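Undergrad: I'd like to ask some things about the structure below.
Quick note: the coordinates plus some simple rules give every number you see, no bench work behind them. Computed from a predicted structure; not experimentally measured. FYI the Cβ positions are ideal-geometry reconstructions off the backbone, even for glycines, and counts take in every protein chain you see.
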Amino acid sequence: MLCLITPAGIILPAFFNSGDAWGEWSAQTLKELVGYVPKGLEKYSHIWKAPIPVYSINGIDKTITHRSGYYLVSGIFGATITYIVMLIISKLIIRNGK
Amino acid sequence: MHIPDGYLSPQTYIPLFGVFVSVAAVAVRKVKKEVSVRVIPYLGMAAAFSFIIMMFNLPIPGGTTGHAVGSAIIAIIFGPWAAMLAVSVALIIQALIFGDGGITALGANCFNMAVFMPFTAYFIFKLLSNQTAGRARMSFAAFIAGYLSLVLAAIVTAFEFGIQPLIASTSDGRALYCPYDLSIAVPAMALEHMLLFGIVEGIITTIILNYFLKTEPDLIYALRKKTKND
């Protein structure tokens with residue numbers, strides 16, 4: 001049931017991704033927008049280097065079709081991990097056999 | 001709506017972390033007591049669903065994007081406590097593995113989308129509907145619950161952004177964190193979500209509720225018969 005929504009949910013964003021969401025700009029973009037990079041923001045923006053930033057597994061390959069492909073794969077990968085983690089957590093918490 | 005690192009000052013993100021952790025602790029207790037084993041695979045799917053929905057960035061005139069969350073329907077079907085855990089898992093994985101949402105901001109993001117939103121949605125749904133309501137009324141309640149909870153969550157997020165210049169600036173007036181104040185943050189976030197994503201969330205909530213009403217009505221937390229123990 002939910003699996004039906006998944007492909008649509010992943011393919012469409014890849015084509016529609018136009019610019020960053022409001023409030024999710026990188027330090028660089030912000031500099032262009034406001035003219036300076038807020039100091040605290042600068043300090044914190046390097047605090048964590050995520051393994052798969054912006055859902056793009058391969059940062060170098062920038063063609064639209066390839067980016068959509070990576071987005072799709074990241075999406076499936078992420079959804080699967082989320083499912084598994086939630087399953088584990090739920091099993092640890094819920095013990096009753098109602 | 002995911003807040004990245006660097007946009008919130010410690011005086012904002014630390015308390016929000018505190019709130020999130022406290023609510024999570026209560027949620028674990030409540031879920032342990034109230035949720036049955038057979039729901040576990042559904043909860044897994046709910047978390048994955050929320051993850052996917054949040055990747056669904058839609059464009060808005062002006063060149064920015066945003067997203068629905070799925071918290072509303074998860075709260076209606078599984079209860080707000082379980083929803084809190086499911087959406088948090090999705091958000092945590094998004095932040096840690098995909099850099100979608102900051103680590104310092106994780107408490108804030110989880111509060112906005114996994115605490116505030118599901119509880120608001122649940123409350124609104126219960127306000128507008130009950131076990132005896134017909135399909136139409138339940139669908140309406142579901143839509144409103146989804147729509148309003150998302151819009152309000154967006155406004156709460158905007159508020160967190162918008163107060164930053166007020167509470168954390170250098171002596172020469174430069175903001176230390178998010179440089180946009182309330183007069184910019186609130187309209188931008190509110191309008192985006194009122195005109196588009198709220199509707200998406202509302203529609204998703206209604207469609208999925210109807211699916212569950214048809215296939216597994218007994219599962220729905222919000223429509224459980226009240227027992228003495230509730």
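Undergrad: Mind checking the mean number of beta-carbon atoms from other chains within 10 Å of the Cβ atoms in B:85-98?
TA: On the way: counts 4, 4, 1, 2, 10, 7, 1, 2, 7, 4, 2, 5, 10, 12.
Average neighbour count from other chains, rounded to a whole number: 5.
Undergrad: Go through B:46-54, B:165-173, B:135-143 and give me the packing order, highest mean Cβ count within 10 Å leading. List each step's numbers first, then the result.
TA: Values: B:46-54: 28.1, B:165-173: 12.0, B:135-143: 18.3.
By packing density, highest mean first, the sequence is B:46-54, B:135-143, B:165-173.
Undergrad: Could I ask something else about it? Using C-alpha positions alone, give me the convex hull volume of chain B per residue in cubic angstrom. Kindly include the intermediate steps, with their values, before the conclusion.
TA: Working: hull volume 27.8 nm³, N = 230.
That works out to 121 Å³ per residue.
Undergrad: Shielding by partners for B:6-15, please: the mean number of other protein chain Cβ atoms within 10 Å of each residue's Cβ.
TA: Average per residue, whole number: 3.
Undergrad: Also, I was wondering about something else. What residue among B:Phe56, B:Leu213, B:Thr157 has its Cα farthest toward the positive end of the dipole of the stretch B:10-223, where the charges are +1 on Lys, Arg and -1 on Asp, Glu, each on the Cβ?
TA: Comparing the listed Cα positions along the dipole, B:Leu213 ranks first.
Undergrad: Amide H of B:Ser169: which non-local residues (sequence gap of 5 or more, or other chain) have their own amide H closer than 5 Å, using H built in the peptide plane?
TA: Residues meeting the amide H criterion: B:Leu176.
Undergrad: Within 10 Å of each Cβ in peptide B:28-38, how many partner chain Cβ atoms are there on average? Round it to a whole number, please.
TA: On the way: counts 4, 1, 1, 4, 5, 3, 3, 5, 4, 7, 3.
Mean inter-chain Cβ contacts per residue within 10 Å come to 4.
Undergrad: Normalising by the residue count of the stretch B:10-223, find the relative contact order in percent from Cα pairs under 8 Å and 6+ residues apart.
TA: 23 percent
Undergrad: Cut-off 10 angstrom, C-alpha nodes, Gaussian network model of chain B. Which of B:Ser36, B:Ser88, B:Ser149 fluctuates the most?
TA: In this elastic network of chain B, the residue with the biggest mean-square fluctuation among B:Ser36, B:Ser88, B:Ser149 is B:Ser36.
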